[in-house]
1. Exactly one of (1) among the hydrophobic types (A, V, I, L, M, F, W, C); (2) surrounded by 12 or more Cβ atoms within 10 Å (Cβ to Cβ); (3) farther than 20 Å from Glu3 by Cα is unmet by Val119. Its number?
2. Looking only at residues in region 25-55 that are of a type in the set (Val, Ile, Thr) and more than 18 Å from His94 (Cα to Cα), which one is nearest to the chain's Cα centre (by Cα)?
3. Could you list all residues from region 159-180 that are under 30 Å from Lys69 (Cβ atoms) and among the hydrophobic types (A, V, I, L, M, F, W, C)?
4. Got a sec? Which of Thr132, Thr175 is free of Cβ contacts under 8 Å to residues at least 12 places away in the same chain and surrounded by 12 or more Cβ atoms within 10 Å (Cβ to Cβ)?
5. On the basis of being modelled with pLDDT under 85 and within 22 Å of Ile4 (Cα to Cα), does Thr175 make the cut?
6. Identify all residues within region 21-48 that are of a type in the set (Gly, Ala, Ser) and not in a loop (DSSP other than H, G, I, E, B); write none if there are none.
7. Considering only region 108-116, I want to know if a residue exists there that is touching a His at 6+ places or on another chain (Cβ under 7 Å) and β-branched (Val, Ile, Thr).
8. Does region 6-18 include one or more residues that are modelled with pLDDT of 90 or more, out of contact with any Leu (no Cβ under 7 Å at 6 or more places or on another chain), over 30 Å from His127 (Cα atoms) and not in a strand (DSSP E or B)?
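The values are calculated or read from the model by the stated rules, or taken from the named source; none is laboratory data. Just so it is clear, the structure is predicted and the values come from calculations on it, not from any experiment. So basically every Cβ, Gly included, is an ideal-geometry build from the backbone, and we count neighbours across all protein chains shown.
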Amino acid sequence: MLEIFGDFHEEQDESKEFLMIGFSPGSTSLQQRWRNNGLSADFLADYMITFFPSDENDPSTLEREEELKGAVAYIANELLENAMKFNDFSFESHVSLQVHLYTDHLTLMVSNNLPIENVLGFKSFIHELLNTPSDELYIRQIERADDDESGTTSGLGLLTMIDDYNAKLGWKFETIQQHPEIIVVTTMVQLSF
C-alpha cells in the first residue's frame, strides 16, 4: 500500500549532485544520536554549499550561501531527530537521509520505519499541517507541547521549515511487509533558491 500527502513527488530529472547517508538508530543511545545528528546535518550543509559558487567580493552571494547552509543544516537535523525519535525499533532497520541538488532547488528526504501505533496520529497531524494556517497551528502545537510530558508531539520543527524557510513538505507512507506490518515513511522537504 502506498499513500502520498502534501508536496511529495519522485523527482523525474536527474539531480546535479546528491548524497545519501544511512544510520542505524538502535546502535547507540538516543542522547548520543542527537550529537551525531547535528554533526551529520552540518556535514550535509557544508557538502552541498560547495556546489554554489561564491564571490568573496559580493556580500549578497556570501549572505545567500550562509542562509542556504543554515537552512540545510536545520532541516537535516530536524528530519534526522524526528526519524530517530519515531523509528520502529522492534525491527532491525536503518534511517536514510538524502539530499539532491537540482538547478533551482534542493530536496532533502529522510526514510524510517514508523511504529504502527503512530501511523494514524502522524497522518492526522499531516492533514492538520496541510489544512490549517501555520500561525494558528503554531499556537495550537505550543499548547499541545506544554501538555505533552513525553515531548514527542510538538511538530514545531516542521512548522519552522514552512514558515522560516518557505519549504514545501510531502510524505510517502509505504507498507513494505504485511505480517508483521512494516510501514516506511519518507518525508520530503524542498527548498527553492
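1. Status for Val119: all satisfied but (3).
2. Checked region 25-55; the qualifying residue nearest to the chain's Cα centre (by Cα) is Ile49.
3. The answer is Leu159, Met161, Ile162, Ala167, Leu169, Trp171.
4. The unique qualifying residue is Thr132.
5. So Thr175 does not fit the description; no.
6. Gly22, Gly26, Ser27, Gly38, Ser40, Ala41, Ala45
7. Within region 108-116, not a single residue is touching a His at 6+ places or on another chain (Cβ under 7 Å) and β-branched (Val, Ile, Thr).
8. There is no residue in region 6-18 that is modelled with pLDDT of 90 or more, out of contact with any Leu (no Cβ under 7 Å at 6 or more places or on another chain), over 30 Å from His127 (Cα atoms) and not in a strand (DSSP E or B).
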